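I have placed the structure first, in the form of structure tokens, so that the comments after it can refer back to it.
The values are calculated or read from the model by the stated rules, or taken from the named source; none is laboratory data. Small disclaimer: the values here were computed from a predicted structure and weren't measured. Positions of Cβ are generated from backbone atoms using ideal geometry, with glycine treated the same way; all protein chains shown enter the neighbour counts.
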Amino acid sequence: MLICGDIFFNTEITPKQTLSIMKLKNSRILITGGSSGLGKAMAVALVEQGANVVITGRDKEKLEKVANDIGCTALHFDVGNYDSIAENAAKAIELLGGLDVLINNAGIGEFALVDELTVDQFEKIFTTNVFGLAMLSQEVIKYFKIQNKGNIINIGSTAAAKGFAYGTVYAASKFALRGMTECWQAELRKHNIRVMLVNPSEVPTAFNVSDRAEKADEPKKLTPVEIAHSIVSVLSMDDRGFIPELAVWATNPF
């Protein structure tokens, strides 16, 4: 019990609430782009919560090593390969024995001034960040509708809400993802499917690094751990509610 002036707040956790908080245990989760950076940190945090996790990635050797280290399952899969999406979605569901959560984390970037842009850059980025993501989600939604529940978390960026110099292609893809997320929310709530957008600000990772080497942490910037924490938090909320969009910023990056 918390007393504030003459107002009493009941802060006791009931057994039902406790079960809600612990529901990540034994949940079945698919994370795209899970072999490094944000996706890897999410997988670690969710496995620690007792979840069963499948991670995907394009580098088979790296993916399998990371999955073995974390204690999850690897599924070699490039979401930009449209022809394999249906097959791999079915395979992920089979590996997990069902599915409760899809985390659309796989993403790539291209950065150039507006007068230097090419169509190829748009096609490359939208193939992974928008088109493949949407087609994978479509396959998963079919399954979620049958079971009348499910969770989709789209990993956006603060670039989904505000553009920046050199960011035309990347920000456009994240603005598109934000729009798709809002459309799916409107369509899927009646099926008890929660669709959420998480927008991290800058996190030093292997993102946009040609050799895919992880960048070193920077003292004033976010790390993948903070983003993983936000994923655990939004999923832990009782199913009767959801957080449509969450931005995660570094407290003092200056």
Inspect all residues belonging to region 46-56 and state whether any of them is part of a loop (DSSP other than H, G, I, E, B), at positive phi, of a type in the set (Gly, Ala, Ser) and touching a residue at least 40 places away in the same chain (Cβ under 8 Å). no
Kindly provide the set of residues from region 69-112 that are touching a Ser or Thr at 6+ places or on another chain (Cβ under 9 Å), among the β-branched types (Val, Ile, Thr) and within 18 Å of residue 128 (Cα to Cα), ordered by number. 79, 103, 108
Does residue 11 meet the test of being at pLDDT 95 or above and surrounded by fewer than 23 Cβ atoms within 10 Å (Cβ to Cβ)? no
Taking region 149-169 and keeping residues in contact with a helix residue (DSSP H, G or I) (Cβ under 6 Å, 6 or more places away or on another chain), of a type in the set (Ser, Thr, Tyr) and outside any helix (DSSP H, G or I) leaves 157
All-but-one check, residue 129 against (1) closer than 22 Å to residue 166 by Cα; (2) touching a residue at least 60 places away in the same chain (Cβ under 8 Å); (3) touching a Lys or Arg at 6+ places or on another chain (Cβ under 8 Å), failing number (2)
Out of 150, 57, 98, report the one residue that is farther than 29 Å from residue 202 by Cβ and within 15 Å of the chain's Cα centre (by Cα). 150
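Which of the following residues is of a type outside the set (D, E, K, R), without any contact (Cβ under 8 Å) to a residue 24 or more places away in the chain and assigned to a helix (DSSP H, G or I): 121, 138?
When all the criteria are applied, what remains is 138.
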Would a scan of region 147-154 turn up a residue that is of a type in the set (Lys, Arg) and either within 20 Å of residue 194 (Cα to Cα) or exposed (fewer than 14 other Cβ atoms within 10 Å of the Cβ) (or both)? yes
Residue satisfying all of: in region 171-202; polar (S, T, N, Q) and part of a helix (DSSP H, G or I); surrounded by the fewest Cβ atoms within 10 Å (Cβ to Cβ) among these: 185
Out of curiosity, is residue 70 under 30 Å from residue 239 (Cα atoms), within 19 Å of the chain's Cα centre (by Cα) and surrounded by fewer than 22 Cβ atoms within 10 Å (Cβ to Cβ)? yes
Part of a helix (DSSP H, G or I), of a type in the set (A, V, I, L, M) and closer than 22 Å to residue 155 by Cα: is that true of residue 89 in this structure? yes
Checking residue 146 against (1) in a loop (DSSP other than H, G, I, E, B); (2) without any contact (Cβ under 8 Å) to a residue 24 or more places away in the chain; (3) not charged (D, E, K, R): exactly one of these is not met. Which one? (1)
